[in-house]
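One structure is given here, and the rest of the page talks about it.
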Amino acid sequence: MQLTSTQDGKSTDIPAENGVVRGADLARAGLSTYDPGLVNTATVRSAITYIDGDQGILEYRGYPIEQLAGNATHLEVAYLLLYGELPTPDQLAVWNNEINKHRFVHENVRGIIQSYRYDAHPMAKLMSGVASMVTFYPSARDIADPEARERNIVRMLAKIPTIAAWAYRQSIGRHYVYPNDELGYVDNFLAMLFQSQQLVYRADPRVTRALEVLFILHADHEQNCSTNAVRAVASAGNDVYTSVGAGIGALFGPLHGGANEAVLAMLKQIGSPDRVGEFIEGVKAGKARLMGFGHRVYKSYDPRARIIKKACEDVLEATGARNPLLEVARELEKVALEDEYFISRRLYPNVDFYSGLIYEALRFPPEMFTVLFAVPRTAGWCAQWLEGVTDPEQKIMRPRQVYTGHRERSFVPLEGRAGA
Ligand code: ACO
């Protein structure tokens, strides 16, 4: 396939391969693209995650998300994302052990977390805690050294649950719980979050599994807003901590990872299933957004939402927590999926629609919801960071703009300006 550009009577051919035109070929033809939100611009080549938004397909390294969520552990999936293959039993044992060994954080990180106001948002604490790690591991700056890259990825994956749990404990004024070598990744995270007086904290295995599934579903999602932030910061030659810190900042936004917190606030505001119709009318009139609905890529049911909906029902059953908001969510989904406004715009529930209800059933406060997204997404961010910094085609990310401002104005001294 080939495109032809004609300007001032001069024609230039622009090659297109598999429907993709290269920016460099456009530039040679004197053309550029205006693409706010990078809606139709590929910034990288990637072999990590595949999404077919029309069919509702999500695969990590070619494995369907349903199979991974049904069978794997989060650390197995993290290994797959990073190295491209599922680990053998021996490789997994070494990998689990490596991660376990690095779960403790430098004691000064305690001091950093301790210094925040009690009401600081845990995502803000997580972001600065992660960004601070490069001060403890300056070797991470040597991104050309494969060993340094790998060691710091292991540290990143191992320590983020500890920083996240401590960010939470600081808000509630509880002592910090140190990692427990006997517990797996998810169990240990739950213990660091919830252990109180008792010496040994053991989570209900059904709860651990539900969180493990949520971790797998959130582990990667190709070039979303936060991954793009990680890739952009990495493209300037930055280490994994600085890059992941930027990703956490992007995820904090209510249109991205912050949506799960916003969904719960919305469900509480609606209050009961009989008020759903009125709320939907408000959405259609532009007064509110239906949070947890719509996606830039999925134009059909988000496959993660389907798995989460089932996990939500399981967790509510396991914990015996009867949450009336689940009824509101179900009614909201039903009404929206039958409404022409949502049908014509192809808006379906996304990953955030039901996850907040699970987190609430597990007694997490809403401000922790996005943190529970950031911890597992770190696996994907690390894999994407690694792919970016080792890609010989990768250049520093530097988009263009369409300039709309003034040109060539003459400076006016202060006393000569209107109103002076
Ligand atoms: N509620 C109501 N209308 C919506 C919604 C929604 N949730 N989402 C999109 N629309 C409408 C828009 O108003 C627009 O309508 P129009 O054509 O009449 O102007 C149309 O659908 C297209 O929407 P865009 O905003 O252009 O779609 P975009 O791809 O830019 O946005 C996004 C995607 C940000 C996810 C959006 O659907 C949204 O705001 N959803 C709610 C927030 C949310 O759940 N975010 C989590 C996403 S998943 C994740 O990040 C992990």
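The values are calculated or read from the model by the stated rules, or taken from the named source; none is laboratory data. Not measured: the values here are computed from a predicted model. Here Cβ is always computed from backbone atoms with ideal geometry, including for glycine, and neighbour counts include all displayed protein chains. Each accessible area value is taken on the protein alone, full model and side chains, heavy atoms only, with ligands, DNA and RNA left out. Shrake-Rupley method; radii C 1.70, N 1.55, O 1.52, S 1.80 Å.
Once phi is turned into θ = phi - 60°, what whole-Hz ³J(HN,Hα) does the Karplus curve with 6.51, -1.76 and 1.60 give for every residue of the stretch 201-215, x standing for Gly and Pro?
Ordered by residue, 3J(HN,Hα) equals 9, 10, 6, 4, x, 5, 5, 4, 5, 4, 5, 4, 4, 4, 4 Hz.
Using modelled amide H (1.01 Å from N, peptide plane; none on Pro or chain starts), what sits under 5 Å from the amide H of ILE57, excluding residues fewer than 5 places away?
Residues meeting the amide H criterion: ASP52.
What FRET efficiency comes out for GLU182 versus ASN18 if R0 is 41 angstrom and r is the Cβ-Cβ distance? Round to the nearest 0.05. Walk me through the numbers on the way to the answer.
Working: r = 50 Å, r/R0 = 1.22.
Efficiency computed from Cβ-Cβ geometry: 0.25.
Of ILE57, ILE280, which has the most accessible area with a 1.4 Å probe, and how do the rest follow in descending order? Provide the component values of the computation, followed by the final result.
On the way: ILE57 60, ILE280 0 Å².
Most to least solvent-accessible, the answer reads ILE57, ILE280.
Using a 1.4 Å probe over the heavy atoms of the protein chains, calculate the carbon and sulfur portion of the accessible area of the stretch 240-307 as a whole percent. Walk me through the intermediate numbers first.
Working: 1560 of 2840 Å².
Whole-percent figure for carbon plus sulfur exposure: 55.
Per residue of the chain, what 222 nm ellipticity follows from adding -39500 (n - 2.57) for every DSSP H run with n ≥ 4, rounded to the nearest 500?
Working: 18 runs with 220 residues, N = 420.
One gets -16500 deg cm²/dmol as the mean residue ellipticity at 222 nm.
Could you grab the relative contact order for the chain? Cα pairs under 8 Å, six or more apart, rounded to a whole percent.
Relative contact order here is 20 percent.
Whole number please: convex hull volume per residue, Cα atoms of the stretch 121-193, in Å³. Walk me through the numbers on the way to the answer.
Working: hull volume 6.8 nm³, N = 73.
Given the Cα convex hull of the stretch 121-193, per-residue volume reads 94 Å³.
Could you give the Stokes-Einstein D for the stretch 194-238 in µm² per second, using the C-alpha Kirkwood radius, 37 °C, 0.692 mPa s?
Numbers: Rh = 13.6 Å.
For these conditions, the coefficient is 241 µm²/s.
Return one whole number: the accessible area per residue of the stretch 286-385 in Å², for a 1.4 Å probe. Intermediate values should be presented prior to the final figure.
Working: 3920 Å² over 100 residues.
Value returned for the stretch 286-385: 39 Å² of accessible area per residue.
Place a point 7 Å from the Cα of ALA120 along the Cα-to-Cβ direction; which residues of the stretch 146-167 have their backbone N under 18 Å from it?
Backbone N within reach: 160-167.
How big is the accessible area of LEU255 in square angstrom, nearest 10, if you roll a 1.4 angstrom probe over the protein chains?
Around 150 Å² of this residue is reachable by solvent.
For the charge dipole of the chain, defined by +1 on Lys and Arg C-beta atoms and -1 on Asp and Glu C-beta atoms about the Cα centroid, which residue among GLY184, SER300, THR41 has the Cα displaced farthest towards the positive pole?
THR41
Which pairs, out of LYS268/LYS299; LYS159/LYS310; LYS310/LYS334; LYS159/LYS309; LYS268/LYS334, put more than 22 Å between their alpha-carbon atoms? Show your work: numbers first, answer last.
Numbers: LYS268/LYS299 27 Å; LYS159/LYS310 30 Å; LYS310/LYS334 16 Å; LYS159/LYS309 29 Å; LYS268/LYS334 18 Å.
Cα-Cα > 22 Å for LYS268/LYS299; LYS159/LYS310; LYS159/LYS309; rest within.
Any aspartates and glutamates with Cα under 15 Å of the LYS287 Cα? List them, leaving off those in the same chain fewer than 8 positions away.
GLU278
Return P(r) of the stretch 158-284 (all Cα-Cα pairs; 10 Å bins starting at 0; whole %; ordered from short to long distances).
Spelled out bin by bin, the stretch 158-284 gives 11, 27, 32, 23, 7, 0 percent.
Mind checking the full-extension length gain between GLN55 and GLU107? Use 0.36 nm per residue of separation minus the Cα-Cα distance, one decimal, nm.
On the way: separation 52, 0.36 × 52 = 18.72 nm, distance 4.78 nm.
Full extension from GLN55 to GLU107 adds 13.9 nm.
Which FRET efficiency value, to the nearest 0.05, is calculated for ARG417 and THR41 with the Förster distance at 45 angstrom and r the Cβ-Cβ distance? Could you put the intermediate results ahead of the total?
Numbers: r = 40 Å, r/R0 = 0.90.
Computed FRET efficiency for ARG417 and THR41: 0.65.
Calculate one ³J(HN,Hα) per residue across the stretch 110-122 by plugging θ = phi - 60° into the Karplus curve 6.51 cos²θ - 1.76 cosθ + 1.60, and present them in order as whole Hz with x for glycine and proline.
Whole-Hz 3J(HN,Hα) from phi for the stretch 110-122: 3, x, 5, 5, 4, 7, 7, 4, 4, 9, 5, 5, x.
If each of GLN197 and ASP314 carries a label point 7 Å out from its Cα toward its Cβ, how far apart are those two points in nm?
Distance between label points: 3.3 nm.
Give me the number: length gained by fully extending GLU327 to ASP90, i.e. 0.36 nm times residue separation minus the C-alpha to C-alpha distance, one decimal in nm. Write out the running numbers ahead of the final one.
Details: separation 237, 0.36 × 237 = 85.32 nm, distance 4.53 nm.
80.8 nm is the gain from fully extending GLU327 to ASP90.
Which whole-number percent of Cα pairs in the stretch 207-359 have a distance greater than 21 Å?
49 percent
Could you go through the stretch 141-148 in sequence order and give the Karplus-derived ³J(HN,Hα) for each residue, using 6.51 cos²θ - 1.76 cosθ + 1.60 with θ = phi - 60°, rounded to whole Hz, and x for Gly and Pro?
Going residue by residue, I get 5, 7, 6, 7, 8, x, 5, 5 Hz, with x marking Gly and Pro.
May I ask you to give the solvent-accessible area per residue for the stretch 121-216, in square angstrom, as obtained with a 1.4 angstrom probe?
On the way: 3750 Å² over 96 residues.
Counting only protein heavy atoms, the per-residue value for the stretch 121-216 is 39 Å².
What are the semi-axes of the equivalent ellipsoid of the chain, taken as the square roots of 5 times the eigenvalues of the Cα gyration tensor, listed largest first and rounded to whole Å? Intermediate values should be presented prior to the final figure.
On the way: eigenvalues 266, 170, 121 Å².
The answer is 36, 29, 25 Å, longest axis first.
Quick check: pseudo-label points 7 Å beyond the Cα along Cα→Cβ at ILE172 and ASP391, how many nm apart are they?
4.0 nm
Check TYR63: other-chain or 5+ apart residues with amide H under 5 Å from its amide H, H built from backbone geometry?
Those lying under 5 Å, H to H, from TYR63: there are none.
Mind listing the long-range amide H neighbours of LEU3? Cut-off is under 5 Å, sequence gap 5 or more, other chains count too, H placed in the peptide plane at 1.01 Å from N.
ILE14, ALA16
Full extension from GLN7 to GLN67: what is 0.36 nm times the residue separation minus their Cα-Cα distance, to one decimal in nm?
Numbers: separation 60, 0.36 × 60 = 21.60 nm, distance 5.17 nm.
Answer, rounded to one decimal: 16.4 nm.
Determine the order of ASP142, ASP181, ASP239 by accessible area, beginning with the largest, at a probe radius of 1.4 Å. If you can, show how the numbers build up before the last one.
Numbers: ASP142 80, ASP181 110, ASP239 0 Å².
Most to least solvent-accessible, the answer reads ASP181, ASP142, ASP239.
Rounded if a/c is under 1.5, else prolate if a/b beats b/c, else oblate: with a ≥ b ≥ c from the C-alpha gyration tensor eigenvalues square-rooted, which is the stretch 360-420?
Details: a/c = 5.30, a/b = 1.73, b/c = 3.06.
In terms of gyration-tensor shape, oblate.
Mind giving me the nanometre distance, one decimal, between the label points for THR33 and LYS299, set 7 Å out from Cα along Cα→Cβ?
Modelled inter-label distance: 1.6 nm.
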